[in-house]
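The values are calculated or read from the model by the stated rules, or taken from the named source; none is laboratory data. This is a predicted model, so every value here is computed, not measured. Note that we place each Cβ from the backbone using ideal geometry, even for glycine, and neighbour counts take in every protein chain shown.
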């Protein structure tokens, strides 16, 4: 019997380089996210614009991520990753200069958020489908879990660091640090080495035929179809909470910029704990049961957080929100990647990205608009309740998911 090791994927040199680069770059990204949220709220004093900024950042994923999946199946993934990270570094540098020169407006933020989101729509499906090229099928489960650990470890550290920096030195350093952090992942990608037989076969189909092929595959595979629906429900109704944390930090919990970093950090800590748990378990757990329990945990904790006005209760609920979110999403990611053929992986993962991140703009706009009329706490309570109801309904209608 093979011995499970929580860091098995790190024995692959290319994945090790990628993972270290991701930790550094994503820490900068989460610093940027925390500082941008605070900047938007300071400029507008409006929950609606917080939701609109989230929509601007994630709408391109809904619009362009399928094209990103086709690119990932047709072109070398490392080349796509290099090009997109150079563009992202350039855009964040422009953002940093606007902030440090004090000319930034809400419209600058919305436009740059949309442009950054457009580049990410091409990069994310490539990144998701790149992992198997780095670790192979044998260590894929561990590679996905460790990649999630990097993402959510950065999500924990980045906002906490940003909160300290914002309170001591202002917002601009957070954006400049993010710009510099892209150098780490660019250097990692340039340092990778591949053997000729390590490169997967690439699709040569036209764009239209590529779209038809993946839609037909998803429609005819009930497991893939239902996994995507579950992820979409969580994204639309659950994930908008991130955009409204500045309202809780400033107006409800009265903890200020540092408190915003701590709120985001607790959610990140929970996600990190969940990711480590998945890495340690390896392939020994019942994935359907994990997804179901994690989805219910996420929604219930978010429901309590939405109405909490006690600081430590809010921190605890956000920790559980993080645990539930990563356990559900990473398990769905693993099941999808193991079930699809290599030549469709980029496009199927672009569909996963569209449901995971592309539903967020619709959710952000909907919850943001609702918050404008009935208040942030009431709007978030309603969306968390709908998230819980939707997940339970899907499991009631399709109980076979529990046996995956």
Worksheet item: What's the number of the condition residue 132 fails, among (1) over 18 Å from the mean Cα position of the chain (by Cα); (2) at pLDDT 95 or above?
Response: (2)
Practice prompt. Might you check whether a residue that is touching a residue at least 40 places away in the same chain (Cβ under 8 Å) and under 22 Å from residue 358 (Cβ atoms) occurs anywhere in region 96-104?
Written response: no
Worksheet item: Out of (1) out of contact with any helix residue (DSSP H, G or I) (no Cβ under 9 Å at 6 or more places or on another chain); (2) at pLDDT below 85; (3) assigned to a helix (DSSP H, G or I), what's the single condition that is false for residue 284?
Response: (3)
Practice prompt. Test residue 190 against the stated conditions and say whether it is at pLDDT 90 or above, loosely packed, with under 15 Cβ neighbours inside 10 Å and either under 30 Å from residue 16 (Cα atoms) or within 21 Å of the chain's Cα centre (by Cα) (or both).
Written response: yes
Item to complete: Return a yes/no flag: does region 258-280 have any residue that is on the phi > 0 side of the Ramachandran plot and either touching a residue at least 12 places away in the same chain (Cβ under 8 Å) or in a helix (DSSP H, G or I) (or both).
Response: no
Worksheet entry | Only one of 143, 158 that is closer than 17 Å to residue 322 by Cβ and buried (at least 24 other Cβ atoms within 10 Å of the Cβ) | 158
Worksheet item: Would you say residue 302 is out of contact with any strand residue (DSSP E or B) (no Cβ under 9 Å at 6 or more places or on another chain), surrounded by 24 or more Cβ atoms within 10 Å (Cβ to Cβ), at pLDDT 95 or above and closer than 23 Å to residue 386 by Cα?
Response: yes
